[in-house]
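Visitor: Before anything else, here's the structure in question.
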Amino acid sequence: MRLDKFIAHATFLPRSEVKKLLKRGEISVDGKTTTQGSHQLSGKEEIKRLGERLHLPKARYFMLHKPKGVVCANQDPEHPTALDCLQEPNKESLQIAGRLDKDTTGMLLLTDDGQWNHRVTSPAQHKTKTYWLRTADPLDENLIQHFASGIQLKDEPRPCRPAQLTLLDVHTARLKISEGKYHQVKRMFAACGNHVLELHREAIGSVALDKNLQPGHYRPLSEWEVKQLGDTNA
Ligand code: URA
């Protein structure tokens, strides 16, 4: 990483300010005053501003109980965004790990660790996502086998990976999928001639939405949850 980028991350100052403080000779790298923002760091250096050690902020990981009506976008002129639900500094650096539709509720992950986000959402990881859903038309037992053998979505070259459907009552079910295609659950039911009226994400991999989180509330992930979700074998 370049020195000026490191300082900007560590101080939350804009690049223009970073330039100025470098020019003023406020920064030292391993004890030597440095004015070159382009200086490449190996990651082992001791960087100080006016004699005080600078550190990169620790990566942040959050679980939000997404309410209905909230959009998974950085900005939206009409609707509240997932970031609006968070009271955190420097929110702009947070990314959503696995989007949900505006009318879908449930577990949403946010982080500023891009590599972790990639491990959670990469299609190659096939992480299981568990959804509870309610349909317009009655569900029947035949669907279980249909979902297990791979639903063919409209406009997709290949069928979906096998999905595990558990019927809860005539109109509600639990579905486990290991992909994240656009509007996947709704399209799977549309392909069977049904319509999803309500959709709620209960879990990703082995990490479930915290039952103590009311819609619109969030909390940091525990170390165990961060590890489980980012684990490439889980
Ligand atoms: N599948 C959908 O159709 N919508 C979501 O929000 C998530 C999965």
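The values are calculated or read from the model by the stated rules, or taken from the named source; none is laboratory data. Please read all numbers here as calculations on a predicted model, not as lab measurements. Glycine also receives a Cβ, built like all others from the backbone with ideal geometry; neighbour counts cover every protein chain displayed. Only protein heavy atoms, including side chains, enter the accessible area calculation; ligands, DNA and RNA are left aside. Shrake-Rupley method; radii C 1.70, N 1.55, O 1.52, S 1.80 Å.
Visitor: If you take the residues in the stretch 66-85 that are part of a strand (DSSP E or B) and touching a helix residue (DSSP H, G or I) at 6+ places or on another chain (Cβ under 9 Å), which one is nearest to the ligand (Cβ to nearest atom)?
Guide: Ranking the qualifying residues of the stretch 66-85, first place goes to 66.
Visitor: Right, another one. Would you confirm whether any residue within the stretch 195-213 is in contact with a Cys (Cβ under 7 Å, 6 or more places away or on another chain), β-branched (Val, Ile, Thr) and within 13 Å of the ligand (Cβ to nearest atom)?
Guide: no
Visitor: Counting residues that are surrounded by fewer than 18 Cβ atoms within 10 Å (Cβ to Cβ) and away from the ligand (no atom under 12 Å from the Cβ), which strands (runs of 3 or more DSSP E) fully inside the stretch 86-184 reach at least 1?
Guide: Fully inside the stretch 86-184 and qualifying: 95-97, 129-135, 164-167, 172-177.
Visitor: Of all residues being open to solvent by less than 50 Å² (accessible area, probe 1.4 Å) and modelled with pLDDT of 95 or more in the stretch 11-32, which is farthest from residue 93 (Cα to Cα)? Just the residue, please.
Guide: Step by step, filter the stretch 11-32, then rank; the result is 25.
Condition check ((1) β-branched (Val, Ile, Thr); (2) closer than 21 Å to residue 110 by Cβ; (3) in contact with a Gly (Cβ under 7 Å, 6 or more places away or on another chain); (4) open to solvent by less than 60 Å² (accessible area, probe 1.4 Å)) across all residues:
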site	(1), (2), (3), (4)
192	no, no, no, yes
200	no, yes, yes, yes
212	no, yes, no, no
220	no, yes, no, no
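Visitor: Does residue 111 satisfy the criteria of being of a type in the set (S, T, N, Q), under 29 Å from residue 13 (Cβ atoms) and in contact with a Cys (Cβ under 9 Å, 6 or more places away or on another chain)?
Guide: no
Visitor: Are any of the residues in the stretch 41-61 under 25 Å from the mean Cα position of the chain (by Cα), more than 12 Å from residue 4 (Cα to Cα) and charged (D, E, K, R)?
Guide: Checked the stretch 41-61: at least one residue is under 25 Å from the mean Cα position of the chain (by Cα), more than 12 Å from residue 4 (Cα to Cα) and charged (D, E, K, R).
Visitor: When residue 69 is evaluated against the numbered criteria (1) surrounded by fewer than 13 Cβ atoms within 10 Å (Cβ to Cβ); (2) out of contact with any His (no Cβ under 9 Å at 6 or more places or on another chain), which criterion, by number, is the only one it fails?
Guide: Evaluating residue 69 over (1) surrounded by fewer than 13 Cβ atoms within 10 Å (Cβ to Cβ); (2) out of contact with any His (no Cβ under 9 Å at 6 or more places or on another chain) leaves (2) as the failure.
Visitor: Hey, residue 43 hits all of (1) under 30 Å from residue 120 (Cβ atoms); (2) in contact with a strand residue (DSSP E or B) (Cβ under 9 Å, 6 or more places away or on another chain); (3) in a loop (DSSP other than H, G, I, E, B) but one; which does it fall short on?
Guide: Among (1) under 30 Å from residue 120 (Cβ atoms); (2) in contact with a strand residue (DSSP E or B) (Cβ under 9 Å, 6 or more places away or on another chain); (3) in a loop (DSSP other than H, G, I, E, B), the lone unmet condition for residue 43 is (2).
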